[in-house]
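The values are calculated or read from the model by the stated rules, or taken from the named source; none is laboratory data. Model, not experiment: these values are computed from the prediction. Neighbour counts are summed over all protein chains in view; Cβ atoms, including those assigned to glycine, are modelled from backbone coordinates with ideal geometry. Heavy atoms of the whole protein, side chains included, go into the accessibility calculation; ligands, DNA and RNA do not. Shrake-Rupley method; radii C 1.70, N 1.55, O 1.52, S 1.80 Å.
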Amino acid sequence: QAQVVESGGGLVQSGGSLRLSCAASGITTSIVSMGWFRQAPGKPREFVATVANNGRANYADSVKGRFTASRDDVKKMVFLQMNSLKPEDTAVYYCNVWGPGYETWGPGTRVTVSS
């Protein structure tokens, strides 16, 4: 059974940086997409970034130029380097991984950016 677990969240001051990691397990077929979504208090979950199996990354407009997503297919991990963090980046960040016949979400890791 495919599973993913996030790590790396925490409290950081505005302008600071954090690096999130997500480790996948139980996946025996290919991974098409690995990415990140987030949910702020009282708001719906929103797209942040994804990395396709060709290495191409896509980003939400709100994080372009500040966040960088990358993946390691050997280790089955995806990362999110977050720089120039803003208070509006405060949210629970969720890892999403999908491939042929499966899609899985992690339990989330909380990121809090203080002003």
Here the net charge surrounding Phe47, from other residues whose Cβ is less than 13 Å away from its Cβ (Lys, Arg +1; Asp, Glu -1), is +2
Under a 10 Å cutoff between Cα atoms, tell me which one of Tyr94, Tyr102, Tyr59 has the largest fluctuation in the Gaussian network model of the chain. Tyr102
Answer with one residue from Cys22, Thr90, Ala40: the one whose Cα lies farthest towards the positive end of the charge dipole of the chain, charges on Cβ with Lys, Arg +1 and Asp, Glu -1. Thr90
Accessible solvent surface per residue of segment 21-115, calculated while the other protein chains remain in place, 1.4 angstrom probe, Å²: 51 Å²
Pick from Val92, Val48, Val32: which residue has the top mean-square fluctuation in a GNM of the chain where Cα pairs under 10 Å get a spring? Val32
I need the shape label for segment 1-53. Rule: rounded when a/c is under 1.5, else prolate if a/b > b/c, else oblate, with a, b, c from the alpha carbon gyration tensor. prolate
For a Förster distance of 25 Å, can you work out the FRET efficiency between the beta-carbons of Arg19 and Ser114, rounded to the nearest 0.05? 0.90
Positive-end extreme of charge dipole, the chain - chosen from Val12, Phe79, Tyr102 (charges on Cβ): Val12
The chain: C-alpha gyration tensor shape, a/c 1.5 cut-off, then a/b vs b/c: prolate
Relative contact order %, the chain, counting alpha carbon pairs below 8 Å whose residues are six or more apart: 37 percent
Roughly speaking, to the nearest percent, how much of segment 16-115's 1.4 Å accessible area is carbon and sulfur? 50 percent
Here segment 67-73 yields Karplus 3J(HN,Hα) values (6.51, -1.76, 1.60; θ = phi - 60°; whole Hz; Gly and Pro given as x) of 10, 10, 9, 8, 9, 10, 6
Most fluctuating of Arg38, Arg56, Arg19 in the GNM of the chain (C-alpha, under 10 Å) is Arg56
